[in-house]
Structure formats: structure tokens, C-alpha cells
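The values are calculated or read from the model by the stated rules, or taken from the named source; none is laboratory data. In this text the structure is predicted, and so the values were computed from the model without any measurement. Reconstructed Cβ throughout: ideal geometry from the backbone, glycine too, with neighbour counts over all protein chains shown.
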Amino acid sequence: MRSRKTAPRTIDDYIAGFPGEIQEQLQCLRAAIKAAAPAAEERISYRMPAFYLRENLVYFAAFKDHIGFFPTSSGVAAFEAELGPYRISKGTIRFPLDRPLPLKLVAKIVKFRAAENLARTVGKSVDSRLAKRS
């Protein structure tokens with residue numbers, strides 16, 4: 001597993017710090033997120049891979065026995081019925097390393113979060129442009 005001494009600068013750096021099998025899972029998760037939100041920017045935030053679409057969209061991270069997926073509390077709440085097989089908390093979903101990632105579900109959650117971010121920030125961008133004119 002990755003050394004916690006140096007912070008990764010890119011998602012590639014982050015993923016490279018893990019064994020091959022975990023790297024494959026992380027790359028699959030990354031690809032599913034990118035496909036569901038192609039306009040989202042990749043970042044490292046809180047030392048974890050993150051995607052940003054006008055504001056934070058989702059995060060993910062590898063742990064000893066699971067991959068954590070962090071779609072905020074709204075992303076978890078909206079799909080709670082479909083998340084029965086996984087351990088969840090307010091803003092976290094834990095995907096066990098010994099089971100296939102539910103990539104279709106991940107894509108649905110990411111699309112939901114993208115729509116949520118875009119809807120919430122439409123007014124903000126218009127407001128900020130109007131404020132600059134004043």
C-alpha cells in the first residue's frame with residue numbers, strides 16, 4: 001500500500017502507490033467516473049483522487065479491505081435502496097476489494113451528482129457575473 005509520507009500530485013501518482021489488483025480496480029472506477037461526467041476535472045484533494053464539476057463532485061480512495069467512494073451525503077441518500085449490499089455512512093460507500101465494483105451504479109450516482117452540481121451552480125455563476133458588473 002502507499003506510503004503516507006508523500007502526497008500524490010495526480011491521480012496517476014495516487015494509483016501507482018498500490019498493488020496491481022487494486023490499481024486495476026481504481027483505474028476502472030476512475031474510467032467509470034470519467035465516462036459519466038466527461039466535463040469533470042481530475043484533482044487530488046485531501047490526498048485522494050477527486051473529480052470537480054463547478055464544485056466537488058466525488059472522491060475515491062483505496063483502503064486495506066475496501067475502496068471508499070465519496071459522492072457526498074446526497075449521492076448516498078438518493079441511491080440508498082440500491083446500496084444495500086454495501087456498507088454506507090452519511091457520505092461514504094465502501095466497496096469490498098474482494099467483490100466486483102458496481103460500475104453501472106457508480107455511473108448513475110456520478111450522473112446524479114453532476115446534474116445536482118450543475119443545477120446548484122447555474123445561479124451562482126450568473127450571480128457572480130452580475131456582481132462584477134455592479
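Touching a Lys or Arg at 6+ places or on another chain (Cβ under 6 Å) and exposed (fewer than 13 other Cβ atoms within 10 Å of the Cβ): which single residue out of S89, S45, S73 fits that description? If you could, list the steps in order and put the result at the bottom.
On the way: S89 fails: touching a Lys or Arg at 6+ places or on another chain (Cβ under 6 Å); S45 fails: touching a Lys or Arg at 6+ places or on another chain (Cβ under 6 Å).
Only one candidate qualifies: S73.
So, R133, is that one at pLDDT below 95, over 17 Å from the mean Cα position of the chain (by Cα), closer than 14 Å to R54 by Cβ and among the basic types (K, R) or not? So R133 fails the test. Annotation: K64 fulfils all but one of (1) in contact (Cβ under 8 Å) with a residue 40 or more places away in the chain; (2) buried (at least 19 other Cβ atoms within 10 Å of the Cβ); (3) closer than 24 Å to T6 by Cα; the unmet one is (2). Filtering region 79-119 to residues that are touching a Pro at 6+ places or on another chain (Cβ under 6 Å) and over 18 Å from A32 (Cβ atoms) leaves nothing. Counting only strands (runs of 3 or more DSSP E) wholly contained in region 1-70, the ones carrying 2 or more residues that are closer than 17 Å to L101 by Cβ occupy 48-52, 56-62, 66-70.
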